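The next block holds one structure in the form of structure tokens; read it before the comments.
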Amino acid sequence: MINSFLNIVQKLEPELAHSLTLKSLKFIKFMNWKDFNHPSLNLKICNLNFDNPIGMAAGFDKNAEVFRELFQIGFGFVEAGTVTKLSQFGNPKPRVFRLKEDNAIINRLGFNNKGADNFLNNISKNKSYSKVLGINIGPNKNSDSFVKDIIETFKITYSSADYVTVNISSPNTESLRNMQQNENLINILKEITSYRSSETTQKPIMIKVDPDNTEAHYGMILNNVKKFNIDGIITTNTTLNRANDLISKNKREDGGLSGLPLKDTSNNVLKFLSKESNGEVVLIGVGGIETAKDVYDKIKFGASLVQLYTSMTIHGPGLINTIKKDLVRLLASDGLNNIKDAIGVESR
């Protein structure tokens, strides 16, 4: 049934297909869905307990509508958003393009979402969940100050999150990547960590970086992350670069490229940050994950957790259980009792 539905929606315009997928997930509770769990995949990161290290990346559940259903199909955690303080349409349509032959997607959505009030209301209606829910935040496109907007949205969403990710790297909001520049980054991190210190519960903070920069740039970000006691870095967002071997007719569309072609680039950023951080910063690996080996590689390169998105839209929700089963076998073949034992083994 799931595969038949997937075959149908993949023939539709991508945004319509995504909307229908969200609606269909709400019926998962009526299906005899058997989630696969294994103790070797359990781990504790930033004082949060994860059934497994595989998360849904931001962008799929923009308005926190289906995070419980995503837990049900096997994700160990979900990062909802990106949410902005006010609702916004995003960029003009069409703005999502499949690169079927390349196992990739290009999007230039531009943080389309229904705003923080709707987002938080959806979370409050679904409080009975036991897995980890992250909230990914960004500024409104027409904001007078991205720095101020990010700080305000952080304060609004903080109490509802298990962790908060500050998205300063999407390529689809003009000038957003300027928030990664040293002065802007310091202003953001200083204010949000000061706010966290004033709260009773000290929740983890992540920042999400782009894959298109230099080692000097990532070194600067890492220094600031350590300076302000930020818990982790998500590596990486989508890329503006286009490999010469892309074959899809949509390869020249503007926007961020995700999926298989991003894997090597995102892994290179991950490996650099793992080596430079020396295990002092949590790393979450994103980009090009399609198999258990892809997950395992990122973890061995230094990721404590991983996220995917594009591959599930291509292969369907059954992919998550398949990856988890194969990951257990990979651990066993290496003689490891727990996934945490594999973190960073190739970067030490």
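Side notes on the structure shown:
- Condition met for K85 (at pLDDT 95 or above, more than 22 Å from K298 (Cβ to Cβ), surrounded by 16 or more Cβ atoms within 10 Å (Cβ to Cβ) and touching a helix residue (DSSP H, G or I) at 6+ places or on another chain (Cβ under 6 Å)): yes
- Of the residues in the range 6-16, at least one is over 24 Å from Y163 (Cα atoms) and either at pLDDT 95 or above or of a type in the set (D, E) (or both).
- Out of N63, N107, N47, sole residue that is at pLDDT 95 or above, at positive phi and among the polar types (S, T, N, Q): N47
- Among the candidates D102, D35, D51, residue that is of a type in the set (D, E) and under 30 Å from G279 (Cα atoms): D51
- Note on the range 299-340: residues that are within 21 Å of F71 (Cα to Cα), over 22 Å from the mean Cα position of the chain (by Cα) and of a type in the set (D, E) total 0.
- Conditions (1) crowded, with 20+ Cβ neighbours inside 10 Å; (2) assigned to a loop (DSSP other than H, G, I, E, B): number failed by N213: (1)
- Of the listed requirements (1) farther than 19 Å from D210 by Cα; (2) crowded, with 19+ Cβ neighbours inside 10 Å, G59 misses just one: (1).
- Considering residues of the range 20-37 that are among the hydrophobic types (A, V, I, L, M, F, W, C) and assigned to a helix (DSSP H, G or I) only, the residue farthest from the chain's Cα centre (by Cα): F30
- The range 136-158, subset charged (D, E, K, R), free of Cβ contacts under 8 Å to residues at least 60 places away in the same chain and out of contact with any helix residue (DSSP H, G or I) (no Cβ under 8 Å at 6 or more places or on another chain), residue surrounded by the most Cβ atoms within 10 Å (Cβ to Cβ): K141
- Within the range 172-207, the set of residues being of a type in the set (D, E, K, R) and part of a helix (DSSP H, G or I) comprises R177, E183, K190, E191, R196.
- Considering the conditions (1) in contact (Cβ under 8 Å) with a residue 60 or more places away in the chain; (2) under 16 Å from H315 (Cβ atoms); (3) of a type outside the set (A, V, I, L, M); (4) surrounded by fewer than 20 Cβ atoms within 10 Å (Cβ to Cβ), F75 is excluded by exactly one of them, (4).
- Qualifying residue in the range 116-135 (condition: buried (at least 24 other Cβ atoms within 10 Å of the Cβ) and of a type in the set (S, T, N, Q)): no
- Number of positions in the range 247-274 that are touching a Lys or Arg at 6+ places or on another chain (Cβ under 9 Å) and aliphatic (A, V, I, L, M): 2
- When S40 is tested against the conditions (1) touching a helix residue (DSSP H, G or I) at 6+ places or on another chain (Cβ under 7 Å); (2) of a type outside the set (A, V, I, L, M, F, W, C); (3) over 26 Å from G285 (Cβ atoms); (4) assigned to a helix (DSSP H, G or I), the lone failure is (3).
- Scanning the range 62-79 for residues that are assigned to a loop (DSSP other than H, G, I, E, B) and β-branched (V, I, T) gives V66, I73.
- Looking only at the range 237-257, and only at residues there that are under 24 Å from the mean Cα position of the chain (by Cα) and among the aliphatic types (A, V, I, L, M), the one that is nearest to E79 (Cα to Cα): L257
- Test for M220: is it of a type outside the set (D, E, K, R) and either surrounded by fewer than 18 Cβ atoms within 10 Å (Cβ to Cβ) or without any contact (Cβ under 8 Å) to a residue 40 or more places away in the chain (or both): yes
- Scanning the range 324-340 for residues that are closer than 14 Å to V295 by Cα and free of Cβ contacts under 8 Å to residues at least 40 places away in the same chain yields D326, R329, L330.
- Listed by position, the strands (runs of 3 or more DSSP E) contained in the range 80-165 that have at least 3 residues being farther than 24 Å from H18 by Cβ form an empty set.
The values are calculated or read from the model by the stated rules, or taken from the named source; none is laboratory data. None of these values were measured; they are calculated from a predicted model. Reconstructed Cβ throughout: ideal geometry from the backbone, glycine too, with neighbour counts over all protein chains shown.
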